[in-house]
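Nothing in this text is a laboratory measurement; each read-out follows from the coordinates by a stated rule. The model shown is predicted, which means the values in this text are computed figures rather than measured ones. In this analysis, Cβ positions are derived from the backbone assuming ideal geometry, glycine residues included, and neighbour counts consider all displayed protein chains.
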Amino acid sequence: MDRCVFCGGDVKEDIVTLDLRVGNRLLVIEDVPAEVCQKCGEKTFSPETTKMIQEIARYKPTPIKEICVPVVSLKEAA
Ligand SMILES: [Zn+2]
């Protein structure tokens, strides 16, 4: 079993949802295979997956759905 490069925790294969900033837009990518650290939650991706994520960020395919994202300001909330 692999170990997390950050904390040395156990790493497990999982399918995750990734949020990515592309310019000033937020892009959410679902069904991303990743190795997830069970201790700190750090996600690592295979070189293949990383390449696919980069392609998506570059070519922005038609979204399957859109979601509403709440935005808060730390200044306003204080
Ligand atoms: Zn970790």
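If the Cβ limit is 7 Å and pairs must be 6+ apart or interchain, which residue in region 18-45 that is in contact (Cβ under 8 Å) with a residue 24 or more places away in the chain and of a type in the set (S, T, N, Q) pairs with which residue that is surrounded by 12 or more Cβ atoms within 10 Å (Cβ to Cβ) and not in a strand (DSSP E or B)?
Matching pairs, first to second residue: 38/9.
Test each condition in (1) touching a strand residue (DSSP E or B) at 6+ places or on another chain (Cβ under 7 Å); (2) surrounded by 11 or more Cβ atoms within 10 Å (Cβ to Cβ) for residue 17 and report the one that comes out false.
Just one mismatch for residue 17, condition (2).
Check region 52-73 and report whether any residue there is in a strand (DSSP E or B) and either among the aliphatic types (A, V, I, L, M) or surrounded by 10 or more Cβ atoms within 10 Å (Cβ to Cβ) (or both).
no
Which numbered condition trips up residue 12, out of (1) touching a residue at least 24 places away in the same chain (Cβ under 8 Å); (2) assigned to a strand (DSSP E or B); (3) away from the ligand (no atom under 16 Å from the Cβ)?
(3)
Condition first: at positive phi and either in a strand (DSSP E or B) or within 14 Å of the ligand (Cβ to nearest atom) (or both). Now tell me which residues in region 15-51 satisfy that. Don't jump to the end; show me each part of the working.
Pass one, region 15-51, residues at positive phi: 23, 31, 41.
Hits for region 15-51 are 31, 41.
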